[in-house]
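Worksheet: the structure to be examined is printed underneath.
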Amino acid sequence: MIEGMDHLPTTEAAVTALRALAAEYAREIEVSHDIGADQTSRRTSAGVGVTTDPDGSLPHEAFAEFGGVPRVTVRLFPDDDALITVEGVECPDIPRDDVPAFLRSVYDGLAFVTARRFLPAHHLVVPLPGDRTYKEYIPLLGLSPWLSSRVR
């Protein structure tokens, strides 16, 4: 995360943290922004030409794509959450403040894949500080070479 910042209050603060992580891990990053109620993905009920929410705020959504392996994308929503995709595995509803810790776990090699033989199933497990983990189901044929190398 950004030095001294425990909370990411805005989408722009989160994008700044993502850029810092990309520099720290020597990754390329490409970011696109959608600003306004008529542009963001969760504001489908906004009328034509309406750019603010009913409370007068201007919603801001960002999409960041990291270069290298594993392939990682982050979609930051105005509602203080994010959708992180790691090698095609979608991890929805990650709180915005957990995004940097989530990416650090992935890039530091702490993330792993669990495998079950009876009723075959795979799950991506991403541990976070404070004994928290995110666990997402991986379709049986959805293991990329990077995910296969993380199976325990």
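The values are calculated or read from the model by the stated rules, or taken from the named source; none is laboratory data. Please read these numbers as outputs of a predicted model, since none were measured by experiment. Neighbour counts are summed over all protein chains in view; Cβ atoms, including those assigned to glycine, are modelled from backbone coordinates with ideal geometry. For accessibility, only protein heavy atoms count, side chains too; no ligands or nucleic acids. Shrake-Rupley method; radii C 1.70, N 1.55, O 1.52, S 1.80 Å.
Considering VAL126, VAL106, the condition of being touching a strand residue (DSSP E or B) at 6+ places or on another chain (Cβ under 9 Å), part of a strand (DSSP E or B) and of a type in the set (A, V, I, L, M) is satisfied by VAL126 alone. Selection of the range 142-152 for residues being crowded, with 16+ Cβ neighbours inside 10 Å and basic (Lys, Arg) yields only ARG150. Taking the numbered list (1) at pLDDT 95 or above; (2) surrounded by 20 or more Cβ atoms within 10 Å (Cβ to Cβ) in turn, PRO78 passes all entries but (1).
Looking at the structure I just gave you, is GLU61 of a type in the set (D, E, K, R), surrounded by 12 or more Cβ atoms within 10 Å (Cβ to Cβ), in contact with a His (Cβ under 9 Å, 6 or more places away or on another chain) and modelled with pLDDT of 85 or more? Yes; evaluated as a whole, the condition is true for this residue. Only one entry in GLU24, GLU30 is open to solvent by 40 Å² or more (accessible area, probe 1.4 Å), modelled with pLDDT of 95 or more and under 16 Å from the mean Cα position of the chain (by Cα), namely GLU30.
Taking the range 87-105, which residues are β-branched (Val, Ile, Thr) and within 8 Å of the chain's Cα centre (by Cα)? Of everything in the range 87-105, those that are β-branched (Val, Ile, Thr) and within 8 Å of the chain's Cα centre (by Cα) turn out to be ILE94, VAL99. If only residues of the range 101-141 that are open to solvent by less than 90 Å² (accessible area, probe 1.4 Å) and aromatic (Phe, Trp, Tyr) are counted, the one that is nearest to ALA14 (Cα to Cα) is PHE102. Just give me the residues in the range 84-95 being open to solvent by 10 Å² or more (accessible area, probe 1.4 Å) and either closer than 20 Å to ASP6 by Cα or of a type in the set (D, E, K, R) (or both), in sequence order. Result: GLU87, GLU90, ASP93, PRO95.
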